[in-house]
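The values are calculated or read from the model by the stated rules, or taken from the named source; none is laboratory data. Since we're looking at a predicted model, the values are computed, not measured. Neighbour counts are summed over all protein chains in view; Cβ atoms, including those assigned to glycine, are modelled from backbone coordinates with ideal geometry.
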Amino acid sequence: MIEPVANSVNYQLAQKLLDASVLRQQAIATNIANSETPGFRRLDVAPDFATALRSQFAAGGMPSPDDVAALTPHLAEDPTVRSVRPDGNSVEMESELLAMNKNHADYEYLTDLISHDLRQLKVAITGNIT
């Protein structure tokens, strides 16, 4: 019964984006913790995740569940950032705090989306809205 919901493209896509959000939060925490470490390079979710996601949608329509399942977010050094200090550290605390707030909003939206799908399934099974 739950298989159609769990195998839907929207649900799987939301799961992958939640995975990316969790990884981004870990990266932000690591970046903040190492903001004073000489030579530390800022981490973020690797840009190939977003690129692969965009290319699947650019191909037209929704990607297949198999295409979404193949997406795997991972952390990497941020190639677009430059060193902000003479010691080579590339972490800007203000940027990290802004990224943390944006990531929190993204995470909340995605959890609401998944919760809505699961509530609909519960209503379908029990007939109760509460």
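Would you mind stating whether D87 is in a helix (DSSP H, G or I) and either modelled with pLDDT of 90 or more or acidic (D, E) (or both)? Judged against the criteria, D87 is not a match. Filtering the stretch 23-43 to residues that are in contact (Cβ under 8 Å) with a residue 12 or more places away in the chain and assigned to a helix (DSSP H, G or I) leaves L23, R24, Q25, Q26, A27, I28, T30, N31, I32. Quick check on P86: is it of a type outside the set (A, V, I, L, M, F, W, C) and exposed (fewer than 12 other Cβ atoms within 10 Å of the Cβ)? Answer is yes for this residue. Tallying residues that are polar (S, T, N, Q), more than 21 Å from T37 (Cβ to Cβ) and touching a residue at least 24 places away in the same chain (Cβ under 8 Å) within the stretch 86-115 yields 2.
Okay, residues lined up against (1) modelled with pLDDT of 90 or more; (2) surrounded by 19 or more Cβ atoms within 10 Å (Cβ to Cβ); (3) of a type outside the set (D, E, K, R):
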{"residue": "M1", "(1), (2), (3)": "no, no, yes"}
{"residue": "A6", "(1), (2), (3)": "no, no, yes"}
{"residue": "N10", "(1), (2), (3)": "no, no, yes"}
{"residue": "L13", "(1), (2), (3)": "no, yes, yes"}
{"residue": "A20", "(1), (2), (3)": "yes, yes, yes"}
{"residue": "L23", "(1), (2), (3)": "yes, yes, yes"}
{"residue": "A29", "(1), (2), (3)": "yes, no, yes"}
{"residue": "A33", "(1), (2), (3)": "yes, no, yes"}
{"residue": "P38", "(1), (2), (3)": "yes, no, yes"}
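Is at least one residue of the stretch 53-68 in contact with a Pro (Cβ under 7 Å, 6 or more places away or on another chain), surrounded by 16 or more Cβ atoms within 10 Å (Cβ to Cβ) and touching a residue at least 40 places away in the same chain (Cβ under 8 Å)? Checked against the condition, which is being in contact with a Pro (Cβ under 7 Å, 6 or more places away or on another chain), surrounded by 16 or more Cβ atoms within 10 Å (Cβ to Cβ) and touching a residue at least 40 places away in the same chain (Cβ under 8 Å), the stretch 53-68 yields no hits at all. With respect to the conditions (1) more than 27 Å from Q26 (Cα to Cα); (2) exposed (fewer than 11 other Cβ atoms within 10 Å of the Cβ), E94 lacks only one, and its number is (1). As a summary of the residue check, L110 satisfies the conditions (1) in a loop (DSSP other than H, G, I, E, B); (2) among the aliphatic types (A, V, I, L, M); (3) within 14 Å of the chain's Cα centre (by Cα) except for the one numbered (1). If you check R82, R54 for being on the phi < 0 side of the Ramachandran plot and either in a loop (DSSP other than H, G, I, E, B) or touching an Asp or Glu at 6+ places or on another chain (Cβ under 6 Å) (or both), only one passes: R82.
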